[in-house]
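The values are calculated or read from the model by the stated rules, or taken from the named source; none is laboratory data. Every value quoted in this text rests on a predicted model; they were computed, and no experiment measured them. Quick reminder, even Gly has a Cβ in these numbers, built from the backbone with ideal geometry, and neighbours come from all protein chains shown. With ligands, DNA and RNA removed, areas are computed over all heavy atoms of the protein, side chains included. Shrake-Rupley method; radii C 1.70, N 1.55, O 1.52, S 1.80 Å.
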Amino acid sequence: MWFKHLHLYRLHGAAAIPAADLEEALAGQAARTPGSQEARRVGWCPPAGRAGTALLHELQGQRLMTMLRHERLLPAGVVREEVEERSAEIEAREGRKLRRQEKQELKEQVYEELLPRAFVRSQKVDLWWDTRRELIAVNTSSRKRAEEALDLLRETLGSLKVTPLTAQILPMRAMTQWLADEKSRPAALQLGDQVELKAKGDDGVLRARQVDLDSDEIQQLLATGKQASRLAIEVEGRLGYVLHDDLTLKSLRFSDALIDEASETEDDGDAIVRLEADFMLMTQALAEEIERLIDWLGGEANGAAQASA
């Protein structure tokens, strides 16, 4: 199992909770299929899927949990068409126009009737809890889904104080400097081939893929005042990712050397052994890279944001 995207959070003042107690708490919020009148439901499921039953995997202070999200798919257009058809029948039968409140009540009635027949879509979101560094990372491309996973963990534990990870130097400022001045780049940092540039003071956005980021064209755009809001970064021998201006890491790509190292672990066909071996190697590489990235950005911003309970 290899993460694709990471939203990073700093954990504040959390009391240590033993793995056994956490496992029990997770079981109290285990995932289940939503009821006929529930539009969505979230809960915890085994990270190993059908291969295991454990809701928590912990190795050397690294914890892995998985949120399972069920959502009934009921397109707004389907509801609207049914409401319009029923409204027309009532108006024709009674010879009058329905009031706004009556249409709203009809809409609610249609929604309740159609919801149990809607398809259910499932989505899994992995959550990595580094108890040594008091860091939580959520494997999703969506900030909304990451916050949803944190809300579930907060409900599971009773409280959870976290804030998005922040650095002393704004990522946009650092990325723009790295693009503009090759000498400013940290020794281990190599530019990839993707960038997003934003103009100051307006909504103009330019996205480029598979381009030479040291080209004259990119330099000319920077000279006009554009700033980098996303930047592809390669760390030789370890991994690559696209850094966003909110310190999110997306499009993670782990090196062949790291994947090969993981494959050398003997698992005898045991999916749990494979999962845990991959998880340990992956989180070790990610933890080191996150620390290095924060160092490149001048260190973590202390007290920049208040923890939310």
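Looking at region 63-111, the trypsin sites (Lys or Arg not before Pro) that sit in a DSSP loop and have at most 16 other Cβ atoms within 10 Å of their own Cβ are Arg96, Lys97, Arg99.
Amide H to amide H distances under 5 Å link Gly192 with Ala232, Ile233, Glu234, where only residues 5 or more positions off or on other chains count and H is placed in the peptide plane. For region 182-197, backbone phi angles converted through the Karplus equation (6.51, -1.76, 1.60; θ = phi - 60°) give residue-by-residue couplings of 4, 5, 7, 6, x, 4, 8, 8, 10, 6, x, 10, 10, 7, 10, 10 Hz, Gly and Pro being listed as x.
In the chain, helical runs assigned H by DSSP with n ≥ 4 each contribute -39500 (n - 2.57); averaged across all residues and rounded to the nearest 500, the mean residue ellipticity at 222 nm is -11500 deg cm²/dmol.
Here the Karplus curve 6.51 cos²θ - 1.76 cosθ + 1.60, taken at θ = phi - 60°, turns the phi angles of region 162-177 into couplings of 9, 9, x, 5, 9, 10, 4, 9, 4, x, 4, 5, 5, 4, 5, 5 Hz, with x standing for Gly and Pro. For a quick check: with amide H placed at 1.01 Å from N, whose amide H comes under 5 Å from Thr140's, ignoring anything fewer than 5 positions away on the same chain? HN-HN under 5 Å from Thr140: His5, Leu6, His7. In this label model, Ala180 and Ser87 are separated by 5.4 nm, measuring between points 7 Å along each Cα→Cβ vector. Here the spin labels are modelled as points 7 Å beyond Cα on the Cα-Cβ line, and at Ile259 and Arg143 they lie 3.1 nm apart. Protein heavy-atom accessible surface, 1.4 Å probe, per residue over the chain: 54 Å². Its alpha carbons considered, the chain gives a radius of gyration followed by a Dmax of 24.1, 78 Å.
Out of all Cα-Cα pairs in region 233-290, roughly what percent, to the nearest whole number, are more than 19 Å apart? Here the tail beyond 19 Å accounts for 34 percent of pairs. The residues packed around Leu11, meaning those with a beta-carbon under 13 Å from its beta-carbon, carry a net charge of +3 if Lys and Arg are +1 and Asp and Glu are -1.
How big is the gap, in Å, between the Cα center of region 105-164 and the Cα center of region 28-99? First find each Cα centre; the distance between them is then 11 Å.
Report the number of Lys pairs in region 66-163 whose alpha-carbons are under 30 Å apart, with separation of 8 or more residues or on distinct chains.
Pairs that pass both the separation and distance tests number 5.
Solvent-accessible area of Glu58, all protein chains in place: 70 Å² (probe radius 1.4 Å, heavy atoms, ligands and nucleic acids excluded). Legend: calculated FRET efficiency, Ser122 to Ala20, from the Cβ-Cβ distance at R0 = 25 Å, rounded to 0.05, equals 0.35.
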